[in-house]
Every structure is written in structure tokens, then in C-alpha cells.
Amino acid sequence: MDKVIFRIKKGTPEKWEYKEYEIPVENGTTILDALYYIRDNIDRTLSFRASCRMEVCGSCAIMVNNFPRTACSTQIKTIGKKVITLEPLAGYKWIRDLVVDFDEFFKKHESVKPYLVRKDNPEGQLLQSPEQLAKYKQFTLCIKCGACLAACPVAVSDPFYLGPAALAAAYRFNADSRDQGKNLRLAVVSDAEGCWRCHFSSECSEACPKDIDPAGAIQKLKVQAAGYELKRFFHLGVKD
């Protein structure tokens, strides 16, 4: 059985240090497996978030050698290092050890109205064709792990930027043929801290564990936002 060293940022913003733990590793051992091993056998004070162990809940995202990853789906041997540094997600308020505060993340997400907006009250189902579904389907796979924001060079330096997850969610619903709230979202994302703040580094898409491509969604959102702003500028009757 192989062994690796986990170098974990441990403590609180007021007092912290990097602590090292030696971990036994087999084929298939994930970072989350190792974190549970540490907590159960070495240091019961270690704090981290986890739930599903199946890359569905998004709870376990952390920085692994300075890159955001979901701990449950990252196998240690695929990293290829004998020393692995684990830190809390970048760009978030740090609470302790590997735990961060997601309140601002979800406030930004909520601000883009991430749900179907209807002006009427239709009876029965709102049907879609496969082609209509394909326009936004990949963006429904987001698990709100926050890795995209932690990877984004704009988000980690500008706390007011809406961030990739919220902007991708805005595009997801704007592209949905059943939705009638497109202009409500465009009024939000056209702000200075919205889609135009994106520099298109694509780091968010690189970090996304579900291969959603939030960077691509943001560029499509910019096209929508440009049309929205032109209509507003020329007083062409933009309505909520």
C-alpha cells in the first residue's frame, strides 16, 4: 500500500497553520476517503463538508494543490504527487479548516431568478421539443459546488462579481422556451458586475466537475445582454 502526505490548512482566519498527515492510499482511494480516514483515525477535530460521495451534492469541493476539485471524485493516485496540499475554496469567506461560507454564493445565484418565470398561469404541461431542450440541458447539471467561482480570476479578486455559476444559471433559464422572465434576468446580468466583467479565461469551465462550460454560457449571455441594452438605448420597448 502506498502512502502520501496531506498538507492541510487547518484552523480559523484568526489562527491557522498547515498540518501534515500521512495517508495510506490504494487504487481508487479518493481525497474524501482520506479526509474521513484522518478524522476517524488521526485528528477528530478536522472540519470538512461532504454528503453524497457521488459528485451530486457539490458539498465537498476544496482546493487541491491550488486547483478546485470535488473531493469525492478525485482519486489520489491520479494527482501523481507524494505531497498534496488541501485548502478551503478560494474566493469565499473562510470559516475553519476546509469549510467556507456559501451565503454570498447563493445570494448571487438567487439574484438571477434561477427558476421559470411565467406571466400567465398555464394549465397542464409546458411541452418542449428535443431541440428546445438541447439549448439549455447541459446547464441543468450544475451541482452548486462552487468550484467555478474558486477558479475564476475575476471572482477571487472582486467579491461583487456575480460569478460563473449565477451567470450560467441565468443563461440556462433564458434559453428555456417555457420561461418568460428573460428581461428580468438581463437587467441583473447587464450590470457592471455581471456578464461583462467576465474576461473569458475559461478557468471556470476547466474546473467544473460536470463539464457544464459556464464560460460558454456567459458568452451566449453577453449576446443576449447586448441586444437587451441596444433595445433600451434606442427605446425599443424593452419590457420586464
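Numerical summary
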item: R53, sole failed condition from (1) touching a strand residue (DSSP E or B) at 6+ places or on another chain (Cβ under 6 Å); (2) among the basic types (K, R); (3) crowded, with 16+ Cβ neighbours inside 10 Å; result: (1)
item: Those residues of the stretch 166-181 which are of a type outside the set (S, T, Y) and either buried (at least 18 other Cβ atoms within 10 Å of the Cβ) or modelled with pLDDT under 95 (or both), in sequence order; result: A166, L167, A168, A169, A170, R172, F173, N174, A175, D176, D179, G181
item: Residue check, G181 in contact with a Phe, Trp or Tyr (Cβ under 8 Å, 6 or more places away or on another chain), in contact (Cβ under 8 Å) with a residue 24 or more places away in the chain and either in the same structural domain as N66 (by TED's automatic domain parsing) or on the phi > 0 side of the Ramachandran plot (or both); result: no
item: Any chance C57 is touching an Asp or Glu at 6+ places or on another chain (Cβ under 7 Å), in a loop (DSSP other than H, G, I, E, B) and either in contact (Cβ under 8 Å) with a residue 12 or more places away in the chain or not assigned by TED's automatic domain parsing to the domain that holds G146 (or both); result: no
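For every residue, the table says whether it meets (1) over 23 Å from A151 (Cα atoms); (2) assigned by TED's automatic domain parsing to the domain that holds A207; (3) over 15 Å from the mean Cα position of the chain (by Cα).
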site: V25; (1), (2), (3): yes, no, yes
site: T29; (1), (2), (3): yes, no, yes
site: D40; (1), (2), (3): yes, no, yes
site: A90; (1), (2), (3): no, no, no
site: W94; (1), (2), (3): no, no, yes
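Here is a yes/no grid of residues against (1) within 30 Å of E87 (Cβ to Cβ); (2) at pLDDT 95 or above; (3) loosely packed, with under 15 Cβ neighbours inside 10 Å:
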{"residue": "S157", "(1), (2), (3)": "yes, no, yes"}
{"residue": "L184", "(1), (2), (3)": "no, yes, no"}
{"residue": "P209", "(1), (2), (3)": "yes, yes, no"}
{"residue": "P214", "(1), (2), (3)": "yes, yes, no"}
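The values are calculated or read from the model by the stated rules, or taken from the named source; none is laboratory data. In this text, all values refer to a predicted model and were calculated from it rather than measured experimentally. Don't worry about glycine lacking a Cβ; one is built from the backbone with ideal geometry, like all the others, and counts go over all protein chains shown.
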